[in-house]
Amino acid sequence: MGGRSALRAELEQTLRRLARQADSPEALGALIDRANAIRPMTRV
């Protein structure tokens with residue numbers, strides 16, 4: 001399982017880096033939505 005969560009974390013960070021380079025608000029929103037969708041749930 002550790003490998004899968006590490007992969008998800010790396011993918012999330014990559015999507016957020018791409019979002020910082022987005023050329024439109026729509027692209028920014030889409031990339032952030034995807035990053036949020038793969039982010040592991042936080043326990044409260």
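The values are calculated or read from the model by the stated rules, or taken from the named source; none is laboratory data. Since the structure is predicted, the reported quantities are computational estimates derived from the model, not experimental observations. All Cβ positions, even for glycine, are placed from backbone atoms using ideal geometry, and neighbour counts span all protein chains on display.
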> Of (1) outside any loop (DSSP other than H, G, I, E, B); (2) modelled with pLDDT under 95, R43 satisfies all except one. Which?
Replying inline: (1)
>> Anything in segment 15-40 that is at pLDDT below 95 and among the charged types (D, E, K, R)? List them, or say none.
In response: R39
> Any idea which residue in segment 21-38 is nearest to the chain's Cα centre (by Cα), counting only those that are charged (D, E, K, R) and surrounded by 10 or more Cβ atoms within 10 Å (Cβ to Cβ)?
Replying inline: R34
> Can you tell me which residues in segment 1-20 are of a type in the set (A, V, I, L, M) and surrounded by 10 or more Cβ atoms within 10 Å (Cβ to Cβ)?
Replying inline: A6, L7, A9, L11, L15, L18, A19
>> Going by what's in this entry, would R34 be described as assigned to a helix (DSSP H, G or I) and in contact with a helix residue (DSSP H, G or I) (Cβ under 6 Å, 6 or more places away or on another chain)?
In response: yes
